Amino acid sequence: MRILVAYGTKRVGNEGLARAVATGLAAAGHAVDVIAAAKVDALDRWDAVVVGGAPYAWFWERAARRFVKHNVEDLFQVQQPPLMLQLLTTLPPPELTSPGATPASVPEPEPEPEPELEAEPAAPLSAAVLPERGVPLLVHRLLLCSCLLTGVTALAAGVALLFSPLQGALVPALLLLGVVGGGSLLAALMEGRRSTRSEFAVCLAGSALTGWLLVDLLMLRTFSWLQGLYLLVGLGTVAGAAWLWRVRTR
């Protein structure tokens, strides 16, 4: 069996662990390739895949996370997880040593009776692991559209207000251009790239839109269907971003 060991690392530590896993797999008679997750283009050359990465700032390492997202369809076509789990559990534990250090003898733990496991069908990955499928994917697209709509219309309204003959319109126009419009377009860019902070940026953009409309309603003391529509868009944007953040961190 030809196996890929892909790793995401920032300080070389995970590369050493990946090579240790590869040593154990090679000792079992398998052909193993150890490659950084960011350098893997396709998975058609391997029969099984092992992916590893350390958490940084409460998130899995970016290269490993992007590797899983970009190759999720191919990952379902390689060997099933129960077969890979059986393969790894039959391997002898590799010796983990740091460069220049002498490997220390580690006492072998006493063998424990293995419980009998019933064969179960592989369950699909949850939405917290794959936020690009099902309802979360729909919410991502709706948030992207709402941020784009808010950003473009806010910029247009800010330019119109900036060149209007109304007195005292400079500060509101700048706030509408920079905070509401610019913030919404920045949030749309982060959401489109699936940044790790996209939910936070989208939530701020929705809050800015909601706050602008509430202040506008209090100052003008008028209400129109357009204001109500954008108020719903702002509240929905905040709620959708909060829901996606809860799904991802759950």
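Remark: region 134-230 carries a charge dipole of roughly 160 debye about the Cα centre, counting +1 on each Lys and Arg Cβ and -1 on each Asp and Glu Cβ. Placing +1 on each Lys and Arg Cβ and -1 on each Asp and Glu Cβ, with no other charges, gives region 1-71 a dipole about its Cα centre of roughly 280 debye. In region 134-249, taking the dipole from charged Cβ atoms about the Cα centre, the farthest positive-side position among H140, L176, V238 is held by H140. Comparing G192, L209, Q227 along the charge dipole axis of region 184-250, the residue lying farthest to the positive side is G192, per the Cβ-charge model.
Bear in mind these aren't lab numbers, they're just calculated from the coordinates by the rules spelled out. Predicted model, so just to flag it, every value in this text is computed and none were measured. Cβ atoms come from the backbone with ideal geometry, glycine included; neighbour counts cover every protein chain shown.
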